[in-house]
Amino acid sequence: MALNDPRTYFPKVDPPKQIQEHPGLDRDLEPQADIGLETYVGHGRLEGRKALITGGDSGIGAAVAIAYAREGADVAISYLPEEQVDADRVIAAIEAAGRKALALPGDLMELEQCQHIVDETVAAFGGLDILVNNASRQIWHDGIEEISDEDFDLTMKSNIYSSYRVTKAALKHMVAGSSIIFTSSIQAYQPSDVLLDYAMTKAAMNNLSKGLAEQLAPKGIRVNSVIPGPIWTPLQPSHGQPQEKVTTFGQDTPLGRAGHPVELAGAYVFLASDEASYIAGESLGVTGGRITP
Ligand code: NAD
Ligand code: MG
């Protein structure tokens, strides 16, 4: 079998200037990101599992949704209503894999929505045994003075409150063998000066995953985090980074390029599967070579 050079295995992302309105769409990304539609091959590693992925319409969440379905899981995705066009593509891919799909539009800043997506998933699939807390809001600001109280609140609500509330609702249904995965970030360890509020939430999510892992391991439920580095998704050009960082995104990693969402899928499949049966409280970096502690 030929060796694949990781520096060139996926296309280099060399984006032109582009600004999308928050939350941004995969549909409008230039260049398009690889979410695994043509590239991810499943091996039955999550046969019969029932998964809920927040922010599963685009980017990393979409890649995880497609991979989970191709590994044999039924998959529910939650997303904001304005992202319906991206969600439709992922729902079609889950169904094409021969699995049940469930679309859950709505705002996770609302407590009721956090409970609703869990209830709907359980009703549709007859249970829930994988939860991926992946939805997040990332809006850059020049300095702490520029972050309004309202903005700060929206970021905390979207990222920390939603993870905490969805997890709490999901736990009512999870039994031994279930798995919870948080999408944290390299920002949890190396915060950018323009992402103070966002980086705080990623540290909090990483920390919550470790505390919860301690609490839930005795019940046979494993909790872990994935730590992405720079991954080409709609989060970045929808006010997630200043333009000069969008156009050079990820190019200063040791591997010399941004990651594609599908390159994260294996980590999420692994952590959810029985192959990770002795792994809890771990933070798994997928960073293009950037060091995580
Ligand atoms: P993305 O924009 O494709 O996904 C984020 C999703 O969050 C959106 O699709 C949206 O559906 C959801 N979301 C945000 N606010 C919401 C709300 N109030 N209610 C419901 N859903 C909401 O971008 P992505 O980069 O794939 O992001 C996925 C995760 O990866 C996020 O947690 C992000 O912090 C993390 N992450 C991304 C990078 C990167 O470089 N792209 C790096 C580190 C961590
Ligand atoms: Mg989206």
Quiz prompt | Residues within segment 136-155 that are open to solvent by 20 Å² or more (accessible area, probe 1.4 Å), within 28 Å of ALA267 (Cα to Cα) and within 12 Å of ligand 1 (Cβ to nearest atom), tallied | solution = 3
Self-check item: Hits in segment 181-215 - residues which are in contact with a strand residue (DSSP E or B) (Cβ under 6 Å, 6 or more places away or on another chain) and more than 10 Å from ligand 1 (Cβ to nearest atom)
Solution: ILE181, ASN206, SER209, LEU212, ALA213
Quiz item: Conditions: (1) surrounded by 15 or more Cβ atoms within 10 Å (Cβ to Cβ); (2) of a type outside the set (S, T, N, Q); (3) touching a strand residue (DSSP E or B) at 6+ places or on another chain (Cβ under 8 Å). GLU95 meets all but one. Number of the miss?
Solution: (1)
Quiz item: What number of residues within segment 19-31 are outside any helix (DSSP H, G or I) and open to solvent by 40 Å² or more (accessible area, probe 1.4 Å)?
Solution: 5
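I'm trying to understand the selection: among the residues of segment 104-123, which are open to solvent by less than 40 Å² (accessible area, probe 1.4 Å) and either farther than 22 Å from VAL223 by Cα or away from ligand 1 (no atom under 16 Å from the Cβ) (or both)?
Start the filter on segment 104-123 by keeping residues that are open to solvent by less than 40 Å² (accessible area, probe 1.4 Å), which leaves 104, 106, 108, 113-114, 117-118, 121-122.
Across segment 104-123, the qualifying residues are LEU104, GLY106, GLN113, VAL122.
Criterion first (assigned to a loop (DSSP other than H, G, I, E, B) and closer than 22 Å to ALA267 by Cα) does GLY72 satisfy it?
For GLY72, the condition - assigned to a loop (DSSP other than H, G, I, E, B) and closer than 22 Å to ALA267 by Cα - is met.
Consider segment 32-68. How many of its residues are within 12 Å of ligand 1 (Cβ to nearest atom), not in a helix (DSSP H, G or I) and not β-branched (Val, Ile, Thr)?
Qualifying residue count, segment 32-68: 5.
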Quiz prompt | Answer from ALA33, ALA63, ALA51 - the residue that is in contact (Cβ under 8 Å) with a residue 60 or more places away in the chain, away from ligand 2 (no atom under 16 Å from the Cβ) and not acidic (Asp, Glu) | solution = ALA51
Quiz prompt | Residue within segment 72-84 that is in contact (Cβ under 8 Å) with a residue 12 or more places away in the chain, polar (S, T, N, Q), within 24 Å of ASP28 (Cα to Cα) and buried (at least 21 other Cβ atoms within 10 Å of the Cβ) present | solution = yes
Quiz item: In the set LEU284, LEU235, which member is in contact with a helix residue (DSSP H, G or I) (Cβ under 8 Å, 6 or more places away or on another chain), outside any helix (DSSP H, G or I), near ligand 1 (Cβ under 10 Å from one of its atoms) and in contact (Cβ under 8 Å) with a residue 60 or more places away in the chain?
Solution: LEU235
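Do we have any residue at all in segment 173-182 that's part of a loop (DSSP other than H, G, I, E, B), within 20 Å of GLY266 (Cα to Cα), open to solvent by less than 10 Å² (accessible area, probe 1.4 Å) and of a type outside the set (Lys, Arg)?
Yes, that holds for at least one residue.
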Exercise. Would you be able to say whether some residue in segment 83-92 is over 22 Å from GLU263 (Cβ atoms) and either at pLDDT below 95 or assigned to a strand (DSSP E or B) (or both)?
Key: no
Practice problem: Test GLU38 against the criterion of being of a type in the set (Asp, Glu), more than 16 Å from ligand 2 (Cβ to nearest atom) and open to solvent by 10 Å² or more (accessible area, probe 1.4 Å), and give yes or no. | Solution: yes
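The values are calculated or read from the model by the stated rules, or taken from the named source; none is laboratory data. These figures come from a predicted structure and were not determined experimentally. Glycine also receives a Cβ, built like all others from the backbone with ideal geometry; neighbour counts cover every protein chain displayed. Just the protein is used for accessible areas: all its heavy atoms, side chains included, with ligands, DNA and RNA removed. Shrake-Rupley method; radii C 1.70, N 1.55, O 1.52, S 1.80 Å.
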